[in-house]
Amino acid sequence: MYSQLYFDYNATTPCAKEVVNSMLPHFHEDFGNPSSSHHPYGWLAKSAVEDATMAIAKNLGVPQNSLIYTSGSTESINMVLKGIARKMRSKGKHIITTKAEHKAVLDTCAFLEKEGFEVSYLDIGADGLISLPTLNKMLRSDTILVSILYANNETGNVQPLAEIAKLTHENGSLLFSDTTQALGKIDITEVLGLVDFACFSAHKVYGPKGIGLVFIKDNDGSDNLPSFIQGGGQQKGQRGGTINTPLIVGLAKAIDLAYQNFEEEKQRLEVLRDKLEAGLLEIEMAVSNSKTSKRLPNTVHVSFPFVDGSNLLTALSAQIAVSNGSACNSASIEPSHVLLAMGVERSLAYASLRFSMGRFTTEDEVEKAIEIVTNEIAKQREANILWDRRT
């Protein structure tokens, strides 16, 4: 095992032992193909998938037929955005999203722009939230889809989705929300009643990598998506390919575990979050970028002026697993696009860290993290001549 403290749960979580154990029989014992309908191996596999789907639907409070399995949220996002664009092209080619979306949404929107679609990008305020009046003005008769990230993966700020849904649906447009980071952390039951589409990834909730979901509100009616992957007609023809029984079983188990002590874990994480944030903000001039009253219970995002962010991450990496933003952008030398959209100066955006906690984070680890970061920032500022001249 690594010796570092792990504070990067928003990037990924360890697969729970119970999840691994639930999957194992479907690799080497009950290994049948769910589409094999003429023998017991196939019947057992199909039954396992059906049981898993029933369990997921019950925990999420949605119909079973509203769930389509994918390889994860990135595929789900592509499936929804490209599917709606294809399906609704005759009505319009206008899509609205925000400048603070996950790169999976932004890159897919950039692809659609090359295909002739028009994408409008909502600004966000210093609190990370969109302006509802601005959204209302941006909506048009040819707006086919609004895509709004529910809980930001970098700052933890949560958008007012009820108000967004009201404006979107009054305009006759569809609403998609990337709810990946919200699953298992905050209640999404209400959200799934508001949106037309949503997505999830198992590895954000102590499940296996490589499996996720698309939620489709009316999957036997007007909201069903055209085929995204052709081949075999599985999943109502919307996503062809052999259904991954073990990973689906693992996803169901992970979601079930998350809901077993949901409120207790949420409250525990909130206490740790507030303790960590308070400790880091004791560092001179430190600034929190997680500013909304409604936010993820596990996420802290802080900027530290007069510190080189790259050097800080490198120095901390021997003791703490932490990031400067989304794992999908880790190779980029640019500052977080989320912070820039919030109006954070580039120099300060470079010197920012995201701490995300989870099931195995302890109070002792939080205290150690505060001490390590405080000492390292003091050390780096001592070597920065601008720090002495700050006044």
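The values are calculated or read from the model by the stated rules, or taken from the named source; none is laboratory data. All figures in this text were calculated on a predicted structure; none of them were measured in a lab. Heads up, the Cβs are rebuilt from the backbone with ideal geometry, glycines too, and the neighbour counts pull from every protein chain shown.
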* Asked: If we keep just the residues of the range 270-289 that are touching a strand residue (DSSP E or B) at 6+ places or on another chain (Cβ under 8 Å) and assigned to a helix (DSSP H, G or I), which is surrounded by the most Cβ atoms within 10 Å (Cβ to Cβ)?
  -> Leu276
* To do: For residues that are acidic (Asp, Glu) and part of a loop (DSSP other than H, G, I, E, B), scanning just the range 10-34, find the one that is modelled with the lowest pLDDT.
  => Asp30
* Determine which single condition Gly92 fails, assuming it passes every other condition in (1) surrounded by 20 or more Cβ atoms within 10 Å (Cβ to Cβ); (2) part of a loop (DSSP other than H, G, I, E, B); (3) not charged (D, E, K, R). => (1)
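Of all residues in the range 115-145, which are touching an Asp or Glu at 6+ places or on another chain (Cβ under 6 Å) and either surrounded by 18 or more Cβ atoms within 10 Å (Cβ to Cβ) or aromatic (Phe, Trp, Tyr) (or both)?
Of the residues in the range 115-145, the ones touching an Asp or Glu at 6+ places or on another chain (Cβ under 6 Å) are 119, 132.
Passing the criteria: only Val119.
Being under 26 Å from Leu213 (Cβ atoms) and touching a Ser or Thr at 6+ places or on another chain (Cβ under 8 Å): is that true of Asn171 here?
Values: under 26 Å from Leu213 (Cβ atoms): no; touching a Ser or Thr at 6+ places or on another chain (Cβ under 8 Å): yes.
In short, no.
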* To do: Output the residues belonging to the range 233-287 that are under 18 Å from Thr53 (Cβ atoms) and touching a Ser or Thr at 6+ places or on another chain (Cβ under 8 Å).
  => Gln234, Gly237, Gln238, Arg239, Gly240, Thr242, Ile243, Ile248, Val249, Gly250, Ala252, Lys253
* **Flag if Asn298 is closer than 23 Å to Leu149 by Cα, surrounded by 14 or more Cβ atoms within 10 Å (Cβ to Cβ) and modelled with pLDDT under 95** => no
* Go over the candidates Gln267, Gln230 one by one and state the one that is in the same structural domain as His301 (by TED's automatic domain parsing) and exposed (fewer than 13 other Cβ atoms within 10 Å of the Cβ). => Gln267
* Which condition breaks for Leu353 when tested against (1) in a helix (DSSP H, G or I); (2) aliphatic (A, V, I, L, M); (3) crowded, with 17+ Cβ neighbours inside 10 Å? -> (1)
* Scanning for something without any contact (Cβ under 8 Å) to a residue 12 or more places away in the chain, under 19 Å from Leu175 (Cβ atoms) and not hydroxyl-bearing (Ser, Thr, Tyr), does the range 112-133 turn up at least one residue? -> yes
* Pair list, Cβ under 9 Å, 6 or more apart: the range 288-304 residue touching a residue at least 60 places away in the same chain (Cβ under 8 Å) and over 9 Å from Ser356 (Cα atoms), other residue assigned to a strand (DSSP E or B) and of a type in the set (Lys, Arg) -> Asn289/Arg354
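Provide a single number: the residues in the range 312-335 that are at pLDDT 90 or above and touching a helix residue (DSSP H, G or I) at 6+ places or on another chain (Cβ under 7 Å). Even if it seems obvious, please write down each step before you answer.
We begin by selecting, within the range 312-335, every residue at pLDDT 90 or above; these are 312-322.
From what is left, the residues that are touching a helix residue (DSSP H, G or I) at 6+ places or on another chain (Cβ under 7 Å) are 312, 315-316, 319-320, 322.
Within the range 312-335, residues that are at pLDDT 90 or above and touching a helix residue (DSSP H, G or I) at 6+ places or on another chain (Cβ under 7 Å) number 6.
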* Structure fact -> Going through the range 338-391 in order, the residues found to be in contact with a strand residue (DSSP E or B) (Cβ under 8 Å, 6 or more places away or on another chain) and of a type in the set (Asp, Glu) are Glu365
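Looking for something over 22 Å from Met79 (Cα atoms) and crowded, with 23+ Cβ neighbours inside 10 Å - is there at least one such residue anywhere in the range 165-182?
Going through the range 165-182, the residues over 22 Å from Met79 (Cα atoms) turn out to be 166-167, 170-171.
Now drop any that are not crowded, with 23+ Cβ neighbours inside 10 Å, which leaves none.
So far as the range 165-182 goes, no, none of its residues is over 22 Å from Met79 (Cα atoms) and crowded, with 23+ Cβ neighbours inside 10 Å.
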* To do: Would you check which residues across the range 28-39 are surrounded by 11 or more Cβ atoms within 10 Å (Cβ to Cβ) and over 20 Å from Gly233 (Cα atoms) and list them?
  => Asp30, Phe31
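Assigned by TED's automatic domain parsing to the domain that holds Cys109 and either assigned to a helix (DSSP H, G or I) or under 16 Å from Ile84 (Cα atoms) (or both): which single residue out of Gly184, Gly193 fits that description? Before you say what the answer is, go through the steps one by one.
Values: Gly184 fails: either assigned to a helix (DSSP H, G or I) or under 16 Å from Ile84 (Cα atoms) (or both).
The match here is Gly193.
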